[in-house]
1. For the range 3-171, what is the percent of antiparallel DSSP beta bridges, rounded to the nearest 5?
2. Kirkwood Rh, the range 24-150, all Cα pairs: how many Å?
3. Taking amide H atoms as placed 1.01 Å from N in the peptide plane, list the residues 5 or more away in sequence, or in a different chain, whose amide H sits under 5 Å from that of MET13.
4. Among the trypsin sites (Lys or Arg not before Pro) within the range 1-57, which fall in a DSSP loop and have no more than 10 other Cβ atoms within 10 Å of their own Cβ?
5. Under the rule a/c < 1.5 gives rounded, and otherwise a/b versus b/c splits prolate from oblate, where does the range 77-122 land using the Cα gyration tensor?
6. List every residue whose amide H lies under 5 Å from the amide H of GLN84, counting only residues 5 or more places away in sequence or on a different chain, with H placed 1.01 Å from N in the peptide plane.
7. Hey, what do the phi angles of the range 30-47 turn into as Karplus ³J(HN,Hα) couplings, whole Hz, using 6.51/-1.76/1.60 and θ = phi - 60°, x for Gly and Pro?
8. Under 1.5 on a/c is rounded, so check that first for the range 1-49, then, if it is not, pick prolate when a/b is larger than b/c and oblate when it is not; a ≥ b ≥ c are the square roots of the alpha carbon gyration tensor eigenvalues.
Amino acid sequence: MALSQNVGIPWIMCKQSNAPSPIINTCNGYYCDDFKPNNPKSPKMFTENWVGWFQKWGEKRPHRTVEDVAFAVARFFQNGGVLQNYYMYHGGTNFGQTAGGPYIMTAYDYDAPLDEYGNLNQPKWGHLKQLHAAIKSGEKFLTNASITITEKQHGDSVYVKSYKMQGIEIFNTANVEVQTNKYVKKPAGNSSLTWTWTSEPVEDTLQGVGIFNASELLEQKAITVGASDYLWYMTTVHINDTSTWKNSNLQVNTTGHVLHGYVNGQYIGTQFAVTVTNVIIEEVM
């Protein structure tokens, strides 16, 4: 179906080892030097070199050293790579309800060479710039397989020691010679935060179809279409003798959700999901 569109440029499929010819399968990850396309006539492409990772609420800011990123790039081109793309090279912001997944915060900085606001993330930006210049200067040697890379054990990681052209070291991935920037976030002036709230009628959060029945947990974004952060699940349980109904568990098998529990219209607890969500119902009123 894709090929029938005749778009005039090659199609690629990342992390798809069984991509049918002439579609080009590519590699995503931290290291792709050992990657081999499933078609020997396809170019070796590194479509996502993960320079960091996304950040979740309440967790430590992810960080990948620039030495390791540069090492991955150098090794990739040493082993026949022809195209390498950073993910992300420029961080960004997911406004509103557009975060990429469970618990991912609004900032999508990704520890990228250019941060969320476009600032240089040093030394990552500068060190990679020097690496690019070194690769460019050695492109004739590199494409003729006459460039060598030696390795040096460094702690728990192996870093490329140097690109060498005719015995001259032109770059060392483990030797960072650029400045390091540190940014401090401060409040802007004496401005204070203001809060607003809005009502969310149930019929407006369910694609306009109102209430419907389901026997399973639903994909929330597909149901609410970004109109709400909440999706209501309601059921009825008839209990004849409420005097024996105490300290009961409401268990929902889900990941990446926050569950607020209500019984007879009264709020009884909240739990954050990891693999299983349990909300303790102390007593039914």
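Just so you know, all these numbers are worked out from the coordinates, no wet-lab data involved. These numbers were taken from a predicted model, which means no experiment stands behind them. Methodologically, a virtual Cβ is constructed for each residue, glycine included, from the backbone with ideal geometry; neighbour enumeration extends over all protein chains shown.
1. 55 percent
2. 15.8 Å
3. ILE24, ASN25, THR26
4. Listed in order of number, the matching sites are LYS41.
5. oblate
6. Placed amide hydrogens put PHE46 under 5 Å from GLN84.
7. Coupling constants for the range 30-47: 8, 9, 10, 5, 8, 5, 10, x, 6, 10, x, 8, 8, x, 8, 10, 9, 7 Hz.
8. Here the range 1-49 falls in the prolate category.
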